[in-house]
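Here's the structure, in structure tokens; my notes come after.
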Amino acid sequence: DAKTTQPTSMDCAEGRAANLPCNHSTISGNEYVYWYRQIHSQGPQYIIHGLKNNETNEMASLIITEDRKSSTLILPHATLRDTAVYYCIVVNDYKLSFGAGTTVTVRA
Amino acid sequence: EAQVTQNPRYLITVTGKKLTVTCSQNMNHEYMSWYRQDPGLGLRQIYYSMNVEVTDKGDVPEGYKVSRKEKRNFPLILESPSPNQTSLYFCASSNLAGGPDTDTQYFGPGTRLTVL
């Protein structure tokens, strides 16, 4: 299964866009990129997913490079409630493997 | 309200004393899964189930058992708990069978287990 690499932490100013990078250089053609987030010790919350094309929903945008070896999650207008750990995962078959994620702190 | 419930939410037990953590979902989801979360390690999948009577190992299945006798329930069983199973456990379910383009996974509130 493809593994992902994310920065350990990052800060973001409230109201600004937050760009969260993820490296998945060993991803294979049929594997999707998923993003989840976890606030405190609550259950993770789904954000967005994609295969090749860029995706957007009410929460975020997902930009996947043409070679699919990396992606970026964009929170367009970060709020204090977006402070969380963000997980980039690659889904193959029915197994989900979460890494350590990126701790995002949104500051007023 | 659509939800995944887990019980108990908190449990302190001793080594070797069998325990079961229940998980139930009311969304008629086929796919269910268990994860454990430890500091610095993120979430790791223990077992998953694609449907009734169908289960398979995740990344860290050792020391755990599961069963899927009913679609809505997916209990996690620790036959002989050990201190290294002290962790935060999450159950999750999904509408589609957890395939690559699966619908969102819904997570339960978590069960914090301490094994002394």
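The values are calculated or read from the model by the stated rules, or taken from the named source; none is laboratory data. As the structure is a computational prediction, the values presented were derived from the model and not from experiment. Because the Cβ atoms are built from the backbone with ideal geometry, glycine has one as well, and the counts that use them run over all protein chains shown.
Is it true that some residue in region A:29-48 is away from every other protein chain (no Cβ under 14 Å) and either surrounded by fewer than 21 Cβ atoms within 10 Å (Cβ to Cβ) or closer than 30 Å to B:TYR10 by Cα (or both)?
no
Just name the residue that is farthest from the other protein chains (Cβ to nearest Cβ) out of those in region A:15-28 that are modelled with pLDDT of 95 or more and crowded, with 17+ Cβ neighbours inside 10 Å.
Here the residue is A:ALA18.
Exactly one of (1) within 24 Å of B:ASP59 (Cα to Cα); (2) in contact with a Lys or Arg (Cβ under 8 Å, 6 or more places away or on another chain) is unmet by A:HIS77. Its number?
(1)
Mind checking which strands (runs of 3 or more DSSP E) fall wholly inside region A:1-73 and carry at least 1 residues that are in contact (Cβ under 8 Å) with a residue 60 or more places away in the chain and more than 14 Å from the chain's Cα centre (by Cα)?
A:9-13
Which members of region A:86-108 meet the condition of being surrounded by fewer than 21 Cβ atoms within 10 Å (Cβ to Cβ), more than 8 Å from chain B (Cβ to nearest Cβ), in a strand (DSSP E or B) and of a type outside the set (Ser, Thr, Tyr)?
The answer is A:VAL106, A:ARG107.
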